[in-house]
Amino acid sequence: MTARKSETKMITVTIDGKSCQAELGETILQIARANGIYIPTMCYLTKVEPIASCRMCVVNVEGVDGLILSCQEKATDGAVITTNNEEIFKQRQNIMKLYDVNHPLECGVCDKSGECDLQNKTMEFDVDQQSFTAREQSRPVENWGFISYDPALCIMCEKCVHVCNEVIGDEALAISVGGYNSTIINTKQDQDCSQCGECMAVCPVGALVSTDFKYSSNAWELEKIPASCSHCSAACQMYYEVKEGSIDNPQPKIYRATNNYEFSSLCGAGRFGFDFENREASRDPDAFSRALDAFRKAETISFSGTISNEEALILQKFKEKSGVKLICDEVRGYQRFAEAFSSVTGTTLYHGDLKKLSQSKGVVVLGTRINDDAPMVKYHLTMASKRHRARIAYMHPLEDAAIQNIITQFMKYEVGSEEGVAALLAKTLLEGKAVPDEIRAYLDDLDIGNL
């Protein structure tokens, strides 16, 4: 994995009278946010490239005619910027009026009510009357499986399209251009859409919502419980949003899982997996009694590496009380890998992270179906491919159609031959390089023909 070196030259700009230090190449909006200066946006999303569809982020730059889009304009050294005045406020107010044209007044039942950007900015810019009109179009609600799309509520900010293409890599969502009748279309509804729900998470209004959550609760009624997703090794940050199930059943119930979509992502398993619990399974006292009896007699318990922290704590308490041995083959395998890694590198911790992966120009993936085993890794490979045209070599016994759009080379090998493939890869990468004698001797002894 090779990453690009970041630009370190510093510049100074003045925003609303405040002197701000920044790296050359940063946009005006990025610098303003880093210095606690508010510039409103409707379409900006930190983890994708600037969309520039809402025009709400306009600013004045001294010596430049007209208004400038701060989300995509890179700052120059010495620039003097004004983020708000009467002209800019009027511009933003008119934009909000256009957004509000024929927008259904159903805030009382809309799932986004209480956390809706359109609601907030309509009030922020004092839109109390409408100067524009347009003939309304027929816009039926569409069911995309776990996600429902209501085109009548859509403001065409394009966040969903960009996150689907630039981060998730499904390339399922696109814009059907038709002026005022423009809409978002799902081109892979019955094919390769991973149903991750990230488009739904980034939607600033109620156009994209969970089909099961729809009309079930108001946002302000839910309590957010911070958690980490346990479906893969990424342990993505997330929230379980809960409230009582009903008047008859005050027991807290999970209504939905959400994430800090501005900076992180969540796959379908993390977002919708909670809803696949065995809630309809009836209690079986006899089976429970047999399970307890098995625990009492057990000398060893084998468990999966993907259990939750709460389940791990239960096992630890049980071990402390009964003296039982706990075994996890996955964790033991990783321990052996860490020991081998440490013996070669001299460090006990890895050097790479997902951010570096997303900035890489070349990546080799060996021995895992990342789309299923580690979706977050796949998302960052997508970013590397889309933004840096990274060359990605994917080595696995099976092809994966879900990542064909981001890999540049697929190398198939026989099941169980990973060790030989790794040896060949090491020999290829180290060919002609200066390496210690013992490593060179090992590589020279490899039976390449047999491998």
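Here GLN129 passes the criteria (1) within 26 Å of VAL177 (Cα to Cα); (2) outside the structural domain of LEU266 (by TED's automatic domain parsing); (3) at pLDDT below 90 except the one numbered (1). I need the full set of residues from region 300-317 which are surrounded by fewer than 13 Cβ atoms within 10 Å (Cβ to Cβ) and modelled with pLDDT of 90 or more, in order please. Within region 300-317, THR300, SER302, LEU313, ILE314, GLN316, LYS317 meet the criteria. For region 227-236, residues that are closer than 19 Å to GLY352 by Cα, over 14 Å from the mean Cα position of the chain (by Cα) and either part of a strand (DSSP E or B) or free of Cβ contacts under 8 Å to residues at least 24 places away in the same chain (or both) total 0.
Those strands (runs of 3 or more DSSP E) of region 241-344 in which at least 3 residues are under 31 Å from the mean Cα position of the chain (by Cα), considering only elements entirely within it, cover 252-258.
If you go through region 345-373 and pick out every residue that is more than 23 Å from GLY420 (Cβ to Cβ) and under 25 Å from the mean Cα position of the chain (by Cα), you end up with 15.
In the set (1) crowded, with 21+ Cβ neighbours inside 10 Å; (2) not polar (S, T, N, Q); (3) not in a strand (DSSP E or B), the condition left unmet by LYS188 is number (1).
Scanning region 405-451 for residues that are among the β-branched types (Val, Ile, Thr), in a helix (DSSP H, G or I) and over 20 Å from SER360 (Cβ atoms) turns up VAL421, ILE439. If you filter region 193-206 down to residues that are touching a strand residue (DSSP E or B) at 6+ places or on another chain (Cβ under 8 Å) and within 12 Å of TRP144 (Cα to Cα), you find that the one that is surrounded by the fewest Cβ atoms within 10 Å (Cβ to Cβ) is GLN195.
Checking each residue in region 167-185 for being crowded, with 20+ Cβ neighbours inside 10 Å and either assigned by TED's automatic domain parsing to the domain that holds TYR44 or on the phi < 0 side of the Ramachandran plot (or both) picks out VAL167, ILE168, ASP170, ALA172, LEU173, ILE184.
The rows are residues; the columns are (1) outside any loop (DSSP other than H, G, I, E, B); (2) of a type in the set (Val, Ile, Thr); (3) assigned by TED's automatic domain parsing to the domain that holds CYS54.
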position: VAL209; (1), (2), (3): yes, yes, no
position: PHE213; (1), (2), (3): no, no, no
position: ILE225; (1), (2), (3): yes, yes, no
position: MET238; (1), (2), (3): yes, no, no
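Residues considered: ARG55, ARG139, ARG135. Of these, the only one that is surrounded by fewer than 19 Cβ atoms within 10 Å (Cβ to Cβ), charged (D, E, K, R) and closer than 19 Å to LYS214 by Cα is ARG139.
Residues that are among the polar types (S, T, N, Q) and surrounded by 10 or more Cβ atoms within 10 Å (Cβ to Cβ) were ranked within region 230-288; the one that is farthest from MET200 (Cα to Cα) is SER233.
The values are calculated or read from the model by the stated rules, or taken from the named source; none is laboratory data. These numbers come from a predicted model, not from an experiment. Note that we place each Cβ from the backbone using ideal geometry, even for glycine, and neighbour counts take in every protein chain shown.
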